[in-house]
Amino acid sequence: MSENGKINGLQLMVLTFLYTIGTTVLVVPAGLAATAKQDAWIGAICGVLIGAVILALYLALWVAYPGQTFVGICRSALGKWAGTVLGVIYTGYGFIGASTVLFYVGNFFQTQFVPHTPLWCTIILFAFVVVMGARLGLETIARATELMLPWFLMLFVLLVITLVPTAKSANVLPLFEAGWKPLFSAGLSFAGTAYMPIVFLFSVLPKVQAPEKARIGMYITGLLGGVCVILITLLCILILGPNITERSMYPSYALVKKINIGNFLQRVEAILAGLWFITTYVKTTFYYYASVTSLAEIVGIKQYRVLTLPCAMIMIVFSLIVYPDVIYMHFWDSIVFPPYIMVIGVVIPLLLWIIGIAKQKPQQEPSTSAQNQLDKGS
């Protein structure tokens with residue numbers, strides 16, 4: 001794999017912020033409301049707290065294996081063969097993630113904007129932009145996200161300001177009606193969608209300049225991304241109510257339809273859909289970038305770009321069959337996905353971190369004993 005591009009700490013912060021929001025802001029409020037009802041926003045807070053621990057784990061793994069991709073970390077910890085097998089699993093996770101998000105994009109546009117346009121048309125168009133970004137390289141993607149960030153912030157602030165007057169505080173009462181167990185379950189689902197996929201940014205971390213300074217920024221912006229989703233979830237409950245939020249496939253988009261100021265400023269959902277287009281693009285691109293660069297590293301190809309077009313064709317076809325229907329999609333997202341993503345997002349990184357710490361201790365002990373002998377000789 002050959003990628004000479006470098007990004008700075010600010011660009012990593014922007015990537016982490018938009019990547020954390022990703023598809024979370026579009027689909028997660030419905031799942032949270034289904035689990036925690038009117039306490040969905042509290043479940044989102046629990047998810048951010050869980051995410052803080054997960055981010056700390058990733059930063060610790062980054063410190064334990066500086067300058068290495070996830071595939072390189074697996075090989076360093078487990079050896080060439082076992083590490084390669086784990087790297088293949090990681091690559092498969094990233095590829096499936098890119099395909100599922102691609103389906104979300106196609107389904108969203110088909111159901112909300114262009115119902116008579118075939119699903120494959122929208123998927124191919126969006127995949128073209130994703131592949132183009134991956135081929136242009138990391139620096140290009142990072143600079144593009146820097147340009148996208150002001151637009152995202154402007155639209156997000158506009159969304160919040162225009163929706164606050166229609167909020168109804170009675171919709172969040174009574175508090176803690178379902179108890180703590182559903183809140184924890186909702187928080188775990190939230191963290192699985194927003195924070196555990198950050199493990200795929202390990203394809204980017206070796207390219208970060210001054211990583212010591214970038215780590216704290218990555219941590220903070222990851223949490224800020226979660227705060228944005230908390231705010232959207234709270235607005236969904238306050239304005240739509242828990243029942244409508246639960247039944248909506250895209251509750252945050254249904255929320256935007258409620259904007260009506262003086263019967264003049266209304267029907268702006270198509271403009272504000274740019275919010276989700278930006279964050280979804282960032283998430284899909286780095287899912288795909290991680291899978292392609294990891295595959296190139298595994299098979300020993302210096303130029304990962306030769307794999308982008310073949311993998312794109314497979315990704316497009318797979319995105320069309322990954323969810324046979326909406327019922328299966330809901331089953332996968334609510335039942336299968338949480339333990340599925342925990343394996344690659346928590347279990348494997350934790351195992352690799354423990355192995356890395358264990359390998360560091362024997363190296364430190366001989367150096368300490370040698371220093372003591374020198375002190376005695378002097």
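The values are calculated or read from the model by the stated rules, or taken from the named source; none is laboratory data. This one's a predicted model, so the numbers in the text were calculated from it and none came from an experiment. Note: ideal-geometry Cβ built from the backbone for every residue, glycine included; neighbour counts use all protein chains shown. With ligands, DNA and RNA removed, areas are computed over all heavy atoms of the protein, side chains included. Shrake-Rupley method; radii C 1.70, N 1.55, O 1.52, S 1.80 Å.
Tabulated data
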item: Viscosity 1.567 mPa s, 4 °C: Kirkwood-radius Stokes-Einstein D of region 215-334 over Cα pairs, µm²/s; result: 72
item: Where a label projected 7 Å from the Cα of residue 334 along Cα→Cβ would reach, residues of region 239-271 with amide N under 17 Å; result: 242-252
item: Cα-centred dipole magnitude for region 63-215, charges only on beta-carbon of K, R (+1) and D, E (-1), debye, nearest 20; result: 300
item: Vicinal HN-Hα couplings computed from phi for region 215-226 (Karplus, 6.51 cos²θ - 1.76 cosθ + 1.60; Hz; Gly/Pro x); result: 5, 5, x, 4, 4, 5, 5, x, 5, 5, x, x
item: Solvent-accessible ranking of 228, 236, largest area first, probe 1.4 Å; result: 228, 236
item: Taking region 252-327 and dividing mean pair separation by its residue count, relative contact order in percent (alpha carbons under 8 Å, at least six apart); result: 14
item: Principal axis box of the chain, alpha-carbon based, largest edge first, Å; result: 86, 46, 36
item: Dipole magnitude (debye, nearest 20) for the chain, charges at Cβ of Lys, Arg, Asp, Glu; result: 340
item: Accessible surface, the chain, averaged per residue in Å² (probe 1.4 Å); result: 44
item: Region 127-229: trypsin sites (Lys or Arg not before Pro) in DSSP coil with no more than 13 other Cβ atoms inside 10 Å; result: 168
item: Between region 54-125 and region 239-271, the Cα center-to-center distance that results, in Å; result: 30
item: Span from the region 294-349 Cα centroid across to the region 138-165 one, whole angstrom; result: 27
item: Portion, in percent, of the accessible area of region 78-189 that falls on carbon or sulfur, probe 1.4 Å; result: 75
item: Within the accessible area of region 226-286 (1.4 Å probe), percent carbon and sulfur; result: 60
item: Solvent accessible area, Å² - residue 132, 1.4 Å probe, full protein context; result: 90
item: The chain - mean residue ellipticity at 222 nm from DSSP helices (-39,500 (n - 2.57) per run, n ≥ 4, rounded to 500); result: -24500 deg cm²/dmol
item: Low-density loop cleavage sites - trypsin sites (Lys or Arg not before Pro) in region 258-292, where at most 10 other Cβ are within 10 Å (DSSP); result: 267
item: List 39, 333, 325, ordered by accessible area with a 1.4 Å probe, largest first; result: 325, 333, 39
